[in-house]
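Input: a single structure, listed below in structure tokens.
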Amino acid sequence: MPLFMPGNADITIRTARPEDLKAVHEIELLSFPRPWPRTAFEAEILHPFSEFWVAVHGQTVVGYAILRCYETTGHLINIAVHPDWRRRGIGRRLLEWVIDWARSRRLLAIYLEVRVSNLPAQRLYERMGFVRAGRIKHYYTPDGEDAWVYRLVVPRHRTSPSNPSKS
Ligand SMILES: CC(C)(COP(=O)(O)OP(=O)(O)OC[C@H]1O[C@@H](n2cnc3c(N)ncnc32)[C@H](O)[C@@H]1OP(=O)(O)O)[C@@H](O)C(=O)NCCC(=O)NCCS
């Protein structure tokens, strides 16, 4: 845990590198009941249809997002922020980055799934303009929890300017 907690102004987002994966996987282990193995992240870095970004503060990886792209559709397959860095606008910054990237590549829509119990993530998605598009029964294993499917029709123009000082 850092000694002081800055806002998100000092956060930058860039493409993930192999040397980031130790920190990425540590965040994953702290963030999900059924975390991906590290090998899954190694595969995503190489995957031809995946875009994998990290949010960094100095040299420290504090979050990540992975978007799979299929023609004109993106599928957000993972996003997380280190627990010590949450509620500082980093998840929002990552999603803004994903949406800006999708717009620049002329994707039409982004989809994602989220546990019905994961209210923080749902709030974040709804704040970014995602809407519920359906519910998948027993989507998650082994507990069988349902997923909400969220969809964003990628806006052709930015609807609000990025505000890096927002925390
Ligand atoms: C979901 C997650 C990525 C959000 O990251 P974050 O950096 O804390 O999010 P932000 O600070 O950018 O929050 C943006 C908005 O999301 C909502 N939000 C985020 N965390 C929330 C919480 N714990 N409770 C309620 N709303 C929350 C709020 O509307 C917030 O805006 P506000 O702070 O102005 O109220 C983070 O909680 C996380 O890593 N969770 C574990 C992994 C996960 O669930 N990933 C999603 C899988 S589908």
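The values are calculated or read from the model by the stated rules, or taken from the named source; none is laboratory data. Note that the structure is predicted; figures quoted are calculated from it, not measured. Cβ sites come from the backbone with ideal geometry, for glycine too, and all protein chains shown count toward neighbours.
Based on this model, can you work out whether HIS75 counts as more than 11 Å from the ligand (Cβ to nearest atom), modelled with pLDDT of 95 or more and closer than 22 Å to ARG38 by Cβ? Answer is yes for this residue.
Flag: GLY134 matches the condition of being away from the ligand (no atom under 13 Å from the Cβ), in contact with a strand residue (DSSP E or B) (Cβ under 7 Å, 6 or more places away or on another chain) and either in a loop (DSSP other than H, G, I, E, B) or free of Cβ contacts under 8 Å to residues at least 24 places away in the same chain (or both). Note on segment 58-72: residues that are farther than 21 Å from LEU107 by Cα and surrounded by 19 or more Cβ atoms within 10 Å (Cβ to Cβ) amount to 3. Based on what the data block shows, is ILE110 within 14 Å of the ligand (Cβ to nearest atom), over 25 Å from LEU29 (Cβ atoms) and part of a helix (DSSP H, G or I)? The answer is no for ILE110.
Is it the case that segment 89-96 has a residue that's of a type outside the set (Phe, Trp, Tyr), more than 16 Å from PHE130 (Cα to Cα) and modelled with pLDDT of 95 or more?
Restricting attention to segment 89-96, the residues satisfying the condition of being of a type outside the set (Phe, Trp, Tyr) are 89-96.
If we keep only those that are more than 16 Å from PHE130 (Cα to Cα) as well, we get 89-90.
Now narrow it down to the ones that are modelled with pLDDT of 95 or more: 89-90.
Yes, there is a match, as at least one residue in segment 89-96 is of a type outside the set (Phe, Trp, Tyr), more than 16 Å from PHE130 (Cα to Cα) and modelled with pLDDT of 95 or more.
Residues in segment 52-91 that are in a loop (DSSP other than H, G, I, E, B) and not charged (D, E, K, R) were compared, and the one that is nearest to TYR150 (Cα to Cα) is THR72.
Given the residues ARG88, ARG92, ARG105, ARG123, which is the only one that is near the ligand (Cβ under 6 Å from one of its atoms), surrounded by fewer than 19 Cβ atoms within 10 Å (Cβ to Cβ) and either within 17 Å of ARG68 (Cβ to Cβ) or in contact (Cβ under 8 Å) with a residue 40 or more places away in the chain (or both)? Break it down into steps so the answer makes sense when it comes.
Details: ARG88 fails: surrounded by fewer than 19 Cβ atoms within 10 Å (Cβ to Cβ); ARG105 fails: near the ligand (Cβ under 6 Å from one of its atoms); ARG123 fails: either within 17 Å of ARG68 (Cβ to Cβ) or in contact (Cβ under 8 Å) with a residue 40 or more places away in the chain (or both).
Answer to the selection: ARG92.
Selection over segment 126-140 of residues that are farther than 20 Å from ARG158 by Cβ and either surrounded by 12 or more Cβ atoms within 10 Å (Cβ to Cβ) or not basic (Lys, Arg) (or both) gives a count of 8. The residue list LEU21, LEU29 contains one member that is farther than 28 Å from ARG132 by Cβ and within 12 Å of the ligand (Cβ to nearest atom), which is LEU29. Every condition in (1) over 21 Å from LEU107 (Cβ atoms); (2) within 16 Å of the ligand (Cβ to nearest atom); (3) in a helix (DSSP H, G or I) is met by GLU44 except one, and the failing one is (1).
Evaluate the following for ASP100: is it in a helix (DSSP H, G or I) and under 18 Å from VAL154 (Cβ atoms)? Give the derivation first.
Values: in a helix (DSSP H, G or I): yes; under 18 Å from VAL154 (Cβ atoms): yes.
Yes; evaluated as a whole, the condition is true for this residue.
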